[in-house]
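The values are calculated or read from the model by the stated rules, or taken from the named source; none is laboratory data. Only a predicted model underlies this, so the values are computations on that prediction, with no experimental measurement involved. All Cβ positions, even for glycine, are placed from backbone atoms using ideal geometry, and neighbour counts span all protein chains on display. Accessible surface areas use protein heavy atoms only, side chains included; no ligands, DNA or RNA. Shrake-Rupley method; radii C 1.70, N 1.55, O 1.52, S 1.80 Å.
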Amino acid sequence: MRYREQFERQVVREDVWIPVGDGSTRLHARVWRPADAEADPVPALLEYLPYRKSDWTAPRDAQRHPWYAGHGYASVRVDIRGHGDSEGTPGDEYDARELADGVDVVNWLAAQSWCTGRVGMFGISWGGFNSLQIAALAPEPLKAIVTVCSADDRYDNDVHYTGGAVLGIDMLAWAGTMLAFASRPPDPQVVGADRWLPMWRERLDSVEPFLHTWLDHQQRDAYWRHGSVCEDYGAVQAAVLAVGGWNDPYRD
């Protein structure tokens with residue numbers, strides 16, 4: 001695997017805190033952008049995930065985000081609330097708080113001096129799901145998304161149920177994986193040596209296994225209709241490029 005480090009525009013990287021909700025919670029973000037973007041603003045691209053940017057996604061982040069920045073974008077990787085180095089506590093997948101925070105992030109990016117006011121989102125799997133769902137909330141600055149290997153129906157086109165039957169290959173495995181992911185601590189070097197332990201304890205006290213909730217909803221009810229953009233395709237105002245593959249679980 002080869003990393004490209006020289007581009008048409010010089011790239012700078014900075015870590016920033018983004019206030020969301022009532023301003024009492026901040027999400028941690030890493031921004032790659034052209035060095036001259038303050039003088040010559042660029043559109044922003046957002047990847048928004050519960051996976052730790054400080055380690056788990058760091059190898060792929062180091063490839064794609066600088067490449068976008070070197071070609072004239074501010075490429076931004078944000079840890080979802082309660083995950084990685086972001087403040088707050090973890091919630092259910094694609095819950096209302098996650099999506100509302102995402103709208104706040106889109107609006108914050110659009111307001112930065114280095115941004116033209118136009119924002120795009122992209123992601124694979126989780127990032128593809130929340131890109132599509134945030135697009136359905138139609139924040140004005142969000143102009144386009146690329147959603148890769150995701151779904152428009154959370155009930156029968158994700159890792160939970162197929163044709164009304166529990167999906168044995170993924171339901172338990174993915175719930176267990178996310179329980180482990182949500183239980184990890186923030187990075188003391190990012191959040192501070194005096195803050196990481198209280199933040200971690202708060203997470204551990206609040207985290208709930210996804211499996212219990214998913215098994216409580218064995219039919220396609222209001223819980224699954226939340227975030228299923230097939231309920232109202234017209235809500236999506238941004239341009240959408242949806243990518244799948246014949247050999248991917250999300251080929252539908």
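Could you tell me the accessible area of Tyr51 in Å² (1.4 Å probe, neighbours in place), rounded to the nearest ten?
Its accessible surface works out to 20 Å², give or take rounding.
Would you please give the residues with an amide H less than 5 Å from that of Thr162, counting only those at least 5 places away or on a separate chain, with H modeled from the backbone geometry?
Leu167
Given a 1.4 angstrom probe, I'd like the percentage of the accessible area of the stretch 5-69 that is carbon and sulfur, rounded to a whole number.
Answer for the stretch 5-69: carbon and sulfur cover 45 percent of the accessible area.
At what distance in angstrom do the alpha carbon centres of the stretch 137-198 and the stretch 79-115 lie from each other?
Cα centroid to Cα centroid, the span is 13 Å.
Could you bin all the Cα-Cα distances of the stretch 148-252 into 5 Å bins starting at 0 and give me the percent of pairs in each, rounded to whole numbers?
Taking every Cα pair in the stretch 148-252, the percentages come to 2, 11, 15, 17, 15, 13, 12, 10, 4, 1.
What does DSSP give for the chain in terms of the percent of beta bridges that are antiparallel, rounded to the nearest 5?
Of the beta bridges lying entirely in the chain, close to 45 percent run antiparallel.
Return the carbon/sulfur percentage of the accessible area of the stretch 120-252, one whole number, probe 1.4 Å, all protein chains in place.
Looking at the stretch 120-252 in its full context, I get 56 percent from C and S.
Leaving ligands, DNA and RNA out of it, rank Thr89, Thr116 by accessible area with a 1.4 Å probe, largest first.
Ranked list, largest accessible area first: Thr116, Thr89.
Using amide H atoms built in the peptide plane, which far-off residues or other-chain residues are under 5 Å from Val11 H to H?
Long-range HN contacts for Val11: Ala35.
With n ≥ 4 as the cut-off for DSSP H runs, can you work out [θ] at 222 nm for the chain, using -39500 (n - 2.57) per run divided by the number of residues, rounded to the nearest 500?
-9000 deg cm²/dmol
Where both residues lie in the stretch 29-146, what percent of DSSP beta bridges are antiparallel, nearest 5?
Antiparallel: roughly 20 percent of the beta bridges in the stretch 29-146.
Please list, in chain and number order, the residues 5+ apart from Thr57 or on another chain whose amide H is under 5 Å from its amide H, with Hs placed from the backbone.
For Thr57, the qualifying residues are Arg52.
Which value, in debye to the nearest 20, describes the size of the charge dipole of the chain about its Cα centre when Lys and Arg Cβ atoms bear +1, Asp and Glu Cβ atoms bear -1, and nothing else is charged?
Numbers: 24 positive and 37 negative charges, 146 e Å.
Around 700 debye, computed over the chain.
In whole Hz, what ³J(HN,Hα) sequence does the stretch 15-32 give by Karplus (6.51, -1.76, 1.60; θ = phi - 60°), x for Gly and Pro?
9, 9, 9, 10, x, 9, x, 7, x, 7, 10, 10, 9, 8, 9, 10, 10, 10
Using each residue's phi in the stretch 97-103, evaluate 6.51 cos²θ - 1.76 cosθ + 1.60 at θ = phi - 60° and report the 3J(HN,Hα) Karplus result to the nearest Hz, with x for Gly and Pro.
Computed from phi, the couplings for the stretch 97-103 are 5, 4, 5, 5, 4, x, 4 Hz.
Can you work out the Karplus-derived ³J(HN,Hα) for every residue in the stretch 179-192? Use 6.51 cos²θ - 1.76 cosθ + 1.60 with θ = phi - 60°, whole Hz, and x for glycine or proline.
Result, rounded to whole Hz: 4, 5, 4, 5, 8, 7, x, x, 7, x, 6, 9, 8, x.
List the relative contact order of the chain as a percent without decimals, with contacts defined as Cα pairs under 8 Å and 6+ residues apart.
19
If contacts are Cα pairs under 8 angstrom and at least 6 residues apart, what is the relative contact order of the stretch 168-225 in percent? Don't skip to the answer; put the middle values down first.
On the way: 33 pairs, mean separation 22.3, N = 58.
Relative contact order of the stretch 168-225: 38 percent.
What longest region of the chain stays clear of trypsin sites (Lys or Arg not before Pro) that DSSP places outside H, G, I, E and B and that have at most 15 other Cβ atoms within 10 Å?
For trypsin sites (Lys or Arg not before Pro) (loop position, at most 15 other Cβ atoms within 10 Å), the longest site-free span of the chain is 5-194.
Residues of the chain: accessible area per residue at 1.4 Å, in Å²?
Heavy-atom SASA per residue in the chain reads 47 Å².
Calculate, axis by axis, the spread of Cα positions in the stretch 1-90 along the three principal axes, and write the results as whole Å, longest axis first.
Computed over the stretch 1-90, the largest-to-smallest principal extents equal 40, 34, 15 Å.
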